[in-house]
Amino acid sequence: MATLLQQLINGLVLGGLIALIALGYTMVYGIIQLINFAHGEVFMVGGFASLATYSYVLPESWRDHGHWPIALPLMALGGAVVAVVLAVAMERLAYRPLRNAPRLAPLITALGVSVILKEAVRLWYPGATAPVPFPRAFVDEQFRFQLGEGTVTIGATAILMIVVSILGAIILQTYITRSRMGRAMRATAQDPDTARLMGVNPNRTIVLTFTIGGALAGLAGVLYGIHITNVDTEVGFLYGIFAFTAAVLGGVGSIKGAVIGGFAIGLIKTLSGQYLPGGTQYDLVWIFVLLIVVLVFRPQGLFGEPERVRA
Amino acid sequence: MTALLEVQNLSVAYGAIEAVRDVSFAVGEGQIVSLIGSNGAGKTTTLRTISGLLRPKSGSILLEGKPITELAAHTILERGVAHCPEGRRLFGRMTVEENLHLGAYVRKDSGVAADMQRVYDLFPVLGQRRTQKAGLFSGGEQQMLAIGRAMMSRPRLLMLDEPSMGLSPIMTQRIFDTIKDLQAQGTTILLVEQNALAALALSDRGYVVDLGRTTLEGPGHDLLADERVRAAYLGED
Amino acid sequence: MSKPTNSVTGSVAIPPGLARPLGIGGGVLAILGALLPWVTFLLNDGAYPDKATLQFFDAPYAVSGFRLHVLLLGVVAIVAHFIPVPLRRVLRALGWGLIGVAAVNIVFPLVDGGGFGAITSDGTNFAFGGIVSLIAGIALVLAAKTGPLEPVPQWKTSVPTLVAYAVLVVSFVALLLVVAMMLNAGGQGGVGNPYAGPIFLSLLAFLAGVLGALHGIGLTGWISGLSDKHKWFSVIVLVLVALALPFTEAGTDYWMTTAANIGVYAATAIGLNIVVGLAGLLDLGYVAFLGIGAFVAANFSGAAAAAFDIELPFVVAAIIAAVVAGIFGAVVGSPTLRVRGDYLAIVTLAFGEIFKKAAQNNIGGLTGGANAIPNVPPINWFGASFDESLTIGSLELPSGVLYYVLIIVLVALVMVVFANLKNSRIGRAWIAIREDEDAARAMGIKTGQAKILAFLIGATLAGLAGAVFAHKTSTVAYDSFQFIESVTLLAAVILGGMGSIPGAVLGAALLLVLPEKLREFSDYRLMLFGLALVLIMRFRPQGLVPDRHRRAELADEGADGVPIEELNVHDTPGDEKAVTR
């Protein structure tokens, strides 16, 4: 019983992380129909950037446990800012010139960008050829509950992850549905030409989309770092795929779908690792199998709308 | 008198295919001007080029004598040219209200709410269903919403592309009445229609576009009487 | 980019009057640059390529190596002004070649010798050769911009058969010599040979310039037209010429092994090209089929760790490997019936990852897991083990030559399969699907079947290549078949040109030879691949050797028309230059 509860908690934490990344995927796909492969790497870079903020920007005296209420927001800011700059630069330099190219072209470009980002960090971030440790002294409170024979542990970072992801999604959803720019984004996603006839500047809308996606991915990066206590160039690809699967499962383009998909993937990963044959060795495989099944039998996902037909 | 809109020697190509060749026409302030012609004549392409969705290969488009040829679509809208596209192109997953809000997207003044009420007064059915998704509406209702949406930017020139397409005769009549009303309120109208009879009947001026060129022009009732127009577009011998 | 676009975007317009001064001046400058010294001092690792360093002082006017190339480019540029050729085309090619050669030989001393003084002046010695040549190159390119590019002349291909044969033989032999020269240029990269990279790159730039000029005067087009007319003769000569490589200066153990590796990759890349280039389906897990083929072959090879205790003859094992891989290909392709476009790429990626995970965990005891399947014996035919050297009469050929021969045959086979498919009913169906799937279906093409077939055939070819791979490398491990390998193969296809056979071979060759030559950059290998993908998609989506059909549709000279209907609009009304694509 305790094991199950523990795995459910772990799944929710992982799910929150995946959801934050999936939001970026889903929004970008919604607006320019591009699977932004490099989005997972933006998350990874966000993690490294927040670590760099800690290691190279913050004054030494702030790096202890007592200062985390200042240090952590600054790290998050550092991670998010770098991630946003990266995401926007990517859009401007790599994707925008290809907006009218055949569909394979931006997809292949995204693949290339993803390789470049991963390699850049691996080559140029000090020590990044192996996982780089995050400061351990950070928000490391653990709450334990006795449940029957076993103990259930939930860390402060875990709570933070779940809270931030749900809060982030709610704010985003509100913004998209209520604000003027949110309306412009939805309009561009539904029909870019007509949105232009309404006076919407598609470039501005698209940049905004990448900005929001980048910020959320950067945030996910710092949360990942303090929760797992290290960051690694490999995580971008892996979590990128998780997040993409979550976005597809929920229905690409749907914010609600990305969040629910994220939590679903998180739970599937931890629970299959615990209870299915093969254990954690095959948890990835189950996720991929699920991805394929969803794509084949319900390509619009759980909450998505059938793909837009372009005129 | 300079015309509000002047199109000079406009040519537009899709790759190697020239859809519009050397089209010229003018729309005077306060007029209703219609472009008529058969399917594929290049009328829609012309409108899309005026509103900045397409780039011309050559030629120029002047608004009050100033070129807008190279401007972006949103800038052209800000200058007062609204385009109600062919097939209505509503945002089907958004409500009536949201669609109207998008129509007023470029406006920063406080009159949006009043204008929205004006649209609801003009088309009461929209007012009754303002929180419903636009995709659920009938063709005629959608056309009303599309016109209402285009009006929300308070355009000086409203371009309507096939507003009567797919509508019943009664609904078509209502839409044309509305167009007349809009003119009476001071809006200049550029109308693209396959329904040449109805369009020319209410136009101050008409242009016949054929295979990408303007072939005939004149006041609406003159064109209506022209034998060649009657033969080609009104189905008479 | 087509010409009208250039005029709209306001790219540099040079007054036509400057054409001759720029062109001839550039040529003269290039000659001057070749004669000037290029580096002010002896570099730490010894004299810079071909003693360019202080050669001006100890051996003035002795010009060899890359300086000879610069000289040649300069002379040709001048001569071109006085003979009837499409001048601007030729100058453009020569100019870019010069820029390439100069850039390579400027950058390396800068990085290696440290500091700007290396290529300008250190007080006593001066060395402006590089900079002068660079300026010469730029002048030539500018001279080419004084007007629109001339059309490429079309030479008549209706020549007597014997003449055609002679031309083809000469061209292919020349090609062989160039390849051997390139492989040998600078030797093999590594610690003991730090200049292998620059020498090779410099030669590459020179050859690219020359080839571009030859293309400009219509020669390459003529030869390719002739080879189209005499297809079978060309194939035979090409195979014979390829088989002659071991007899050239590149006939070393090392290059035979590398060439064989290139062959395996090229065959796989051609298979991928069917899926991506012809049918337009992006496959991101393609290397899994190579892996399946390799594991199947390894398990039937009699290796100690194999799951089956039987040793099948290579041919039989290879056929089984191809069939198994093909079946998996059809299975992976089957979602194409319902999944479209981008999503399909993700399905294939997921499949690739599932394969890797399964292989990593030694699924069914078939893959050896982390221990891999080691000691796969070399192929052994008629008593000749393929990893040993071969002696024919008095001629001793390097080890690996038999694998090389086998792979040449394999690649030739795969190329023939590809070429025939491409021009067949199914090939046209693929291309139709790639261009517009809905229209293809409307025309009565069974798109589902065609797409699955593309996956099946592509996977079969990869499986076949995998069987050779297993024997050649002798250890088959799951980590040879990771995502990044799929990306590398994709990069090869895209670099060479989607849908183009010579393109896939060239792409695979470049992607394997470059890292061998540029050992000091081996860390940057993947980053360069990524960069290549991005830059090619942006600036030359048709690849280095475009498929003729694609050439027409993907932005090339001659294609006219203004790109319109761009989502890409002005940010500000004044920002007009930045627009239009």
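Rule-based calculations on the coordinates, nothing more; no lab input. It should be emphasised that the depicted structure is a prediction, and the values quoted were computed from it without experimental measurement. Heads up, the Cβs are rebuilt from the backbone with ideal geometry, glycines too, and the neighbour counts pull from every protein chain shown.
The table below lists the values:
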| quantity | calculated |
| --- | --- |
| Stretchable slack from residue A:2 to residue A:175, in nm (0.36 nm times residue separation minus alpha-carbon distance) | 58.4 nm |
| Summed residue charge, Cβ within 12 Å of residue C:182's Cβ, Lys/Arg positive, Asp/Glu negative | -1 |
| Projected label distance in nm at residue B:8 and residue A:293, using a 7 Å step from Cα toward the beta-carbon | 6.7 |
| Helical contribution to [θ] at 222 nm, DSSP H n ≥ 4, -39,500 (n - 2.57), averaged over chain B, rounded to 500 | -10000 deg cm²/dmol |
| Max mean-square fluctuation residue, GNM over chain B, Cα-Cα springs under 10 Å, options B:153, B:203, B:110 | B:110 |
| Three-way shape label, the protein assembly as shown, alpha-carbon gyration tensor, a/c 1.5 | oblate |
| 17 Å Cα-Cα reach of residue C:357 towards lysines, excluding residues that sit fewer than 8 places from it in its own chain | A:269 |
| Exposed-site-free run, longest, chain A (rule: GluC sites (Glu not before Pro); DSSP loop; at most 13 other C-beta within 10 Å) | A:1-140 |
| Theoretical gain in end-to-end length, residue C:370 to residue C:535 [0.36 nm per residue, Cα-Cα removed] | 55.8 nm |
| Cα gyration tensor shape for region B:3-69, rounded if a/c is under 1.5, else prolate or oblate | oblate |
| Shape category assigned to region A:166-270 from the gyration tensor of Cα positions, a/c cut at 1.5 | prolate |
| Loop-located chymotrypsin sites (Phe, Trp or Tyr not before Pro) in region C:305-353, at most 15 other Cβ atoms within 10 Å (DSSP) | C:308 |
| Per DSSP, loop chymotrypsin sites (Phe, Trp or Tyr not before Pro) in region A:80-180 with at most 15 further Cβ within 10 Å | none |
| Whichever lysines have a C-alpha closer than 20 Å to that of residue C:517, once near sequence neighbours (fewer than 8 apart) are set aside | C:51 |
| Förster radius 60 Å - calculated FRET efficiency between residue B:136 and residue A:234 (Cβ-Cβ, nearest 0.05) | 0.80 |
| Neighbour-limited loop hits for trypsin sites (Lys or Arg not before Pro), region C:433-500 (at most 14 other Cβ within 10 Å; DSSP other than H, G, I, E, B) | C:446 |
| Spatially proximal lysines relative to residue B:180 (Cα-Cα < 24 Å; intrachain offsets below 8 disregarded) | B:43 |
| Of the DSSP H helices in chain A, those whose Cα atoms cover at least 18 Å axially and whose Kyte score averages 0.5 or more | A:2-32, A:39-52, A:68-90, A:104-124, A:156-178, A:202-228, A:235-250, A:255-275, A:283-297 |
| Violating pairs (Cα-Cα greater than 25 angstrom) within the set C:422/C:451; C:231/C:472; C:229/C:422; B:57/C:422; B:57/C:145 | C:231/C:472; B:57/C:422 |
